[in-house]
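Student: One structure, pasted below without further comment.
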Amino acid sequence: MPVTDELGDVREGRYAKVEREQQWTVVYLPADARRAAEILDRYILGTCLRLRRVETNRDVVLKLGAVGTFCVTDLDRSFYSAVLGAPT
């Protein structure tokens, strides 16, 4: 079934759907609030690829994903740094 997004582009396919991001602002955080994970996304220009770094208190997970699909691959730190262009 074709789907028309807010820019008027028609998309077709099994996973075609319009997604709307929602954000909220809070006046204060509860005293027991804590950060579960810090997520840093870097998008590779000219592609649909995204480098994602997820840091928790216990671990750092590095992933390469294709934005808009379900293709995600775990990476080692040296490959992540090479693609990102940052020192290891």
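Only the coordinates and a few stated rules stand behind these numbers; no lab work does. This is a predicted model, so every value here is computed, not measured. Ideal geometry is used to build each Cβ from the backbone, glycine not excepted, and the neighbour counts take in all protein chains shown.
Student: Suppose every Lys and Arg Cβ carries +1 and every Asp and Glu Cβ carries -1, with no other charges. What dipole size does segment 28-70 come out with about its Cα centre, to the nearest 20 debye?
Tutor: 120 debye
Student: Next question, about the same structure. Just rank V60, V27, V83, fewest to most, by other beta-carbon atoms within 10 angstrom.
Tutor: Sorted ascending by nearby Cβ count, the order is V27, V60, V83.
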